[in-house]
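Below is one structure; the comments refer to it alone.
The values are calculated or read from the model by the stated rules, or taken from the named source; none is laboratory data. Computed from a predicted model, the values in this text were never measured in an experiment. With ligands, DNA and RNA removed, areas are computed over all heavy atoms of the protein, side chains included. Shrake-Rupley method; radii C 1.70, N 1.55, O 1.52, S 1.80 Å.
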Amino acid sequence: MKTLYIKLLFPKNWYHSRFLKVYCENNLVTTLMHGDSQQIQVNDSTTSIHWKLDYFKNSISIPDHEKEVYIVLFMDIGKGIIQPYLKTLKVNCIQGKIVSQTEFENTTSSSIYFNNQNWINKTSLDQPTVALGLMIGIISLVYSIYSETEWRELLFLLGGGTILSLLTIILEKKKIVLGDYNARMWASIGIFIFILLMIPSRDYVVQILIFILTIGFTIRFISHMQKLKQNILKE
């Protein structure tokens, strides 16, 4: 008999409450949840195992002459913001990898998915741009409190949401995922444009102020993102 040690690790909070089914010779041999590590016995003649979860399915070959095999199952999610969602459309997104006993024991979600993301040091961020975004959020929040526009509740939520989103970037301790940073900043730009559209023309002074700050925020952000990407390519 062969002994297979199987560990399942999912990224973020995806599928953490779901069971993945593992089959050997079309027979269900075990089920795993995120973070589970299980040991199963299979015949010496077993050449492969396969697994299923919803529409995901894949398999891995088992070495012939090894009595103990260590397998880590994980999702191939690529890099960046869009790739993880496109990759999960593939049937074979959940991959298997045969590793040594030491690597099996030391493998965690962080060790797998950290390497699938581009990380930047917090010191590499353009702090003035983030501060500019916070200023726009604060102006929008204060305006929503004292204005009489019919959109004041929505303006309050958008201004407050922007402040919280950008504060999350500031409060990060050491490193930030480039994709998350990029997404938060573009979302902020979209919100600023939406805020501009909801401010009535009679309050043109506030409109002009937010417009100028938004232009400055956008130009600085795009310029800085290009520099960050160039630095990553050099590395």
If you count only protein heavy atoms and use a 1.4 Å probe, how large is the accessible surface of MET33, to the nearest 10 Å²?
50
Compute, for VAL206, the solvent-accessible surface of its heavy atoms (probe 1.4 Å) with the complete set of protein chains present, and express it in square angstrom to the nearest 10.
40
If I fit a long axis through the Cα atoms of helix 178-198 and take the longest principal axis of the Cα atoms of the chain, what angle between them do I get, 0 to 90°, rounded to 10?
30
Extended-chain gain in nm, criterion 0.36 nm per residue less alpha-carbon gap, ILE212 and GLU148:
20.7 nm
Separation of region 168-235 and region 1-73 by C-alpha centroid, Å?
44
Which ³J(HN,Hα) values, rounded to whole Hz and listed in residue order, are derived for region 131-142 from phi using the Karplus coefficients 6.51, -1.76 and 1.60 in 6.51 cos²θ - 1.76 cosθ + 1.60 with θ = phi - 60°, glycine and proline given as x?
5, 5, x, 4, 4, 4, x, 5, 4, 5, 5, 5
With every protein chain kept in place and a 1.4 Å probe, the residues TRP14, TRP151 fall, from largest accessible area down, as TRP151, TRP14
Per the Kirkwood formula on distinct C-alpha pairs, the Rh of region 40-85 is how many angstrom?
13.1
Report the dimensions of region 1-89 along its three principal axes from the alpha-carbon atoms, largest first, rounded to Å.
43, 22, 20
Overall dimensions of region 50-151 as given by Cα atoms, namely Rg and Dmax in Å
23.0, 77
Show which lysines lie in cross-link reach of LYS122 when reach means a straight Cα distance below 29 angstrom and same-chain residues fewer than eight apart are skipped.
LYS12, LYS79, LYS87, LYS173, LYS174, LYS175, LYS227, LYS229, LYS234
Any lysines whose Cα falls less than 27 Å from that of LYS67, other than same-chain ones fewer than 8 residues away, would be LYS2, LYS7, LYS21, LYS52, LYS57, LYS97
With a 1.4 Å probe and all protein chains kept in place, how do SER188, SER100, SER45, SER109 rank by accessible area, largest first?
SER45, SER100, SER109, SER188
Translational diffusion of region 151-198, µm² s⁻¹ [Kirkwood Rh, Cα pairs; Stokes-Einstein; 20 °C; 1.002 mPa s]:
187
Against the 2.2 N^0.38 Å rule of thumb, the C-alpha Rg of the chain sits at a ratio of 1.40
Once ligands and nucleic acids are excluded and a 1.4 Å probe is used, how much of LEU89 is accessible, expressed in Å² to the nearest 10?
120
Residue-normalised value, i.e. accessible area per residue, for the chain at 1.4 Å probe, in Å², stands at 57
Under a 1.4 angstrom probe, counting protein chains only, how are ASP203, ASP64 ranked by accessible area, largest first?
ASP64, ASP203
With all protein chains present, how much of the accessible area of region 50-92 (probe radius 1.4 Å) comes from carbon and sulfur, to the nearest whole percent?
55
